[in-house]
C-alpha cells in the first residue's frame, strides 16, 4: 500500500509538471512565472503530507482564486495586452493553490484536468517537434497516474476484512509491495502502445476538412518581417537583421540556385526616403478551380514544387521563388499589376504549395534588347524622386561607360556596388541630406535597401526600367530533408530590371556577399537532424490536411501495387522453376510411379517406421509420466490421459490424492489462482475460500503426510467435478 501511495503521488506530480513544461515550451510563460511555479511545485511536494503547516484548506484556496480574478483582469487590460498570457497566469495560479490544498479525490481529478488544459493550450501555441516528445511523456504519466489513482481510491474505501484477506493471500511480504508498481508500469507501457497503434492509423485515415492551414485559433504571435505590404523605408531593416527567429520554411524537390530569393513583393515609386506601390490599391481576385489557383494560362515549362510553411507575419504577401504558375492550399488569393500576390490570411501560421518556373532568359538575348518602353512603363519604372541628385546619374554613366547595352550596364552597376561599398548594420549618416547620395558619396556603408535603392536609381538614370523587390534570402539549406529555413535576419531587398523584348524581369542583387551571412551558418549536422525531425512533425502532423492525406494515400497505393507486383513476379518465377524441374525429372518419376512393387515396398517401410516411432514415443511418454505424474496437468494436451492413467501409474491412495491435487491446482491456475511459494496448501485453500478446494487439500494432506492414507477417491472426484463447474460459471 505504501509503494502504491508513493507511486500515485509521483505520477500525479509528474503529470502536473508535464502540463507546465508544455506551456513553458511555447515561450509564452515569462521567466519570473517559470521560476515561481517551479519553486511552488517543489514546495508542494514536501508539503503534501498529513499535518503539514504549509497545507491550506479548500475554503482558503477557493477564496484565493476568487481574489485573483480582479488581478487577472488588470493583467489582461494593462500588463499583457492579450488574453493568452492572463489565461496562462490564471491556470498556473489555480494549479498552485490546488497543490497546496488538503486534497481529496476530486481535487486530484481537478489537477489532472488543469494539466490536460495546459497541454491543449500549448498545442495551439507551438509547432515545435519537442511538443510531440512531451505529449508522449504526458500520455504515459497520465495513464500511470489514473491507474494508481483508481487503485488508491478503491483501496481507501475497501472493507478491513477484504484488505486482511488480500494481505493473507499476498503473504504480507514486504518484497511483494513493489509488485503492483511494476505491474502498473508494465500496463502503462502496454496501454500506451495499444493507444498509439489504434490512434495513429485513425489520425491518417480520418477525413480532413481544412485547407492545409497551420493557423491556430488563439495564436497571436506576429513576426515583423521588416517589410510591409505597401512600403519600405530606408533603414527599416536594421532592427530585423538581429532577429534570429524563423520566418518561413520551404520544402523543395532539389536545391535552388544560390542567387535566388524568396520573393514577396515589389515596389515601384521612390520619394527619396521610402519606396511605395500605388498599384496595390488596384487588386483583383484570382478565381479558384478545385482548390488550385492558376496564375498563368500559358503552357508551363519545367516546374519546381515548393511547399512553404509561413510563420505569423504582418504582411499578406505570397512568398515564392521564381515565376509562380500554380498555387494550392490557400483560402483566397489576389494580385496587382506589378505581379505581387496577396494572401487572404495574415498574422497566422499557414502552409501552401507553389509550382514555379526557374528558367532564366539567356544573357545574349537580353543584351540584344533595345529597351523600348511604352508611356505607362516609363512613368512607372523610370520615375525618379524630385530631390534626385545629379551626381548619382553621373556616377552611373562612369560605372557603365564600357557597357554597350542595358543588361551589361546593369551588371556593371551591380558589380561596382558589391565591390566598392560595405555592408553594415550600424548605419552612420554623413553630411548630405539625400540618404542615397549620402550613402554613395559620404559613408559608403549601408543596409541592403540602400544598395538596392542606389542601383535602382542609377539604372533608371540610364533608361533601364527597374523596381525594388523585397523578401528573404534562401536561408540555410538542410540536405537531410531538402528544406530551406529562412530567418528574420535573412530579410532582404534587391532590384529587378525589365527587358520588354522578352517580357522578363531579371534579378540583380548589389548587396555584398557578407550581408548574406546569418547566425545559423555555424550549426552542426546534429542541428540539421533536429530541424528535419521538426519539419517532419510540421509536415505530417500540424499541416496534415486533405491534400496531404490524398497524397499519402496515393503513395501507399503505389507502394502496395509495387509490392503486389514483386510478389506476383516471385510466385511466377517459382512456378516456372517448379515446372522446369518437373519436366526435367519427369522421366524417372514416371518410371517410379509405374513400378507397383517398389511403391508397395516404400509404403510398407513407411508404415513400419511410423508405427515403430509411435510405439517408442508412447513408451517414453508413459515412462516420463510414471516418474512425474504432474506432467499430465502441466501440459494441457496431455490432460485427457489423466482419467486413463490415474489408476494405472501407481495404484495407491497417496498417488491418487497427489493426482487429484495436481488436477485441482491446474484448474485454479487457469482461472487465475496461483499459490505463492511461501504458502502451504492449506493456507492457499483457506485464502481461496472454495469448499471443494478445502476438501481436496485435506484429502491430499491426509494421504501424503498422514500415518495411514484414508483418501476417499469418490468424494475427492466429486469435489473436483464440482470445482470445475464452479470455475466455468465464474
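Computed quantities for the displayed model
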{"read-out": "Given (1) crowded, with 16+ Cβ neighbours inside 10 Å; (2) modelled with pLDDT under 80, number of the condition residue 696 does not satisfy", "value": "(2)"}
{"read-out": "Set 144, 115, 133, 122: member being within 23 Å of the chain's Cα centre (by Cα), free of Cβ contacts under 8 Å to residues at least 40 places away in the same chain and either outside the structural domain of residue 8 (by TED's automatic domain parsing) or assigned to a helix (DSSP H, G or I) (or both)", "value": "133"}
{"read-out": "Counted residues, the stretch 370-384 - those being buried (at least 16 other Cβ atoms within 10 Å of the Cβ) and either outside the structural domain of residue 459 (by TED's automatic domain parsing) or over 52 Å from the mean Cα position of the chain (by Cα) (or both)", "value": "2"}
{"read-out": "Meets criteria (part of a loop (DSSP other than H, G, I, E, B), assigned by TED's automatic domain parsing to the domain that holds residue 494 and out of contact with any strand residue (DSSP E or B) (no Cβ under 7 Å at 6 or more places or on another chain)) for residue 287", "value": "yes"}
{"read-out": "Verdict on residue 496 being closer than 22 Å to residue 412 by Cα, assigned by TED's automatic domain parsing to the domain that holds residue 261, touching a residue at least 60 places away in the same chain (Cβ under 8 Å) and part of a loop (DSSP other than H, G, I, E, B)", "value": "no"}
{"read-out": "Options 28, 49: the member that is outside any helix (DSSP H, G or I) and within 28 Å of the chain's Cα centre (by Cα)", "value": "28"}
{"read-out": "Residue match in the stretch 345-368 (condition: closer than 30 Å to residue 412 by Cβ and crowded, with 17+ Cβ neighbours inside 10 Å)", "value": "yes"}
{"read-out": "Some residue of the stretch 77-90 being assigned to a helix (DSSP H, G or I), closer than 24 Å to residue 143 by Cα and assigned by TED's automatic domain parsing to the domain that holds residue 17", "value": "no"}
{"read-out": "Qualifying positions in the stretch 417-460 - in contact (Cβ under 8 Å) with a residue 60 or more places away in the chain and within 30 Å of residue 372 (Cβ to Cβ)", "value": "417, 418, 436, 449, 451, 453, 454, 456, 457, 458, 459, 460"}
{"read-out": "Residue in the stretch 46-59 that is modelled with the highest pLDDT, counting only those that are at negative phi and surrounded by fewer than 14 Cβ atoms within 10 Å (Cβ to Cβ)", "value": "46"}
{"read-out": "Tally, over the stretch 343-358, of residues that are part of a loop (DSSP other than H, G, I, E, B) and modelled with pLDDT of 85 or more", "value": "1"}
{"read-out": "Any hit, the stretch 10-26, residues being at pLDDT below 85 and out of contact with any helix residue (DSSP H, G or I) (no Cβ under 8 Å at 6 or more places or on another chain)", "value": "no"}
{"read-out": "Search result, residues across the stretch 503-521 that are modelled with pLDDT of 85 or more, more than 21 Å from residue 270 (Cβ to Cβ) and in contact with a helix residue (DSSP H, G or I) (Cβ under 6 Å, 6 or more places away or on another chain)", "value": "512"}
{"read-out": "Odd one out for residue 3, checked against (1) in contact with a helix residue (DSSP H, G or I) (Cβ under 6 Å, 6 or more places away or on another chain); (2) closer than 14 Å to residue 115 by Cα", "value": "(2)"}
{"read-out": "Some residue of the stretch 366-374 being touching a residue at least 12 places away in the same chain (Cβ under 8 Å), farther than 30 Å from residue 246 by Cα and part of a helix (DSSP H, G or I)", "value": "yes"}
{"read-out": "Qualifying residue in the stretch 472-483 (condition: at positive phi and modelled with pLDDT under 90)", "value": "yes"}
{"read-out": "Any hit, the stretch 85-103, residues being closer than 24 Å to residue 245 by Cβ, exposed (fewer than 15 other Cβ atoms within 10 Å of the Cβ) and touching a residue at least 60 places away in the same chain (Cβ under 8 Å)", "value": "no"}
{"read-out": "Residue ID - farthest from residue 400 (Cα to Cα), chosen from residues in the stretch 445-471 that are outside any helix (DSSP H, G or I) and modelled with pLDDT of 90 or more", "value": "469"}
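This table checks each residue for (1) at pLDDT 85 or above; (2) within 59 Å of the chain's Cα centre (by Cα).
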| site | (1), (2) |
| --- | --- |
| 629 | no, yes |
| 652 | no, no |
| 660 | no, yes |
| 686 | yes, yes |
| 710 | no, no |
| 717 | no, no |
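Residue-wise test of (1) at pLDDT below 80; (2) closer than 21 Å to residue 508 by Cα; (3) in contact with a helix residue (DSSP H, G or I) (Cβ under 6 Å, 6 or more places away or on another chain); (4) in a strand (DSSP E or B).
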position	(1), (2), (3), (4)
262	no, yes, no, yes
272	no, yes, no, no
280	yes, no, no, no
298	yes, no, no, no
305	no, no, no, yes
330	no, no, no, no
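The values are calculated or read from the model by the stated rules, or taken from the named source; none is laboratory data. Nothing here was measured: the structure is a model prediction, and the numbers come from that model. In this analysis, Cβ positions are derived from the backbone assuming ideal geometry, glycine residues included, and neighbour counts consider all displayed protein chains.
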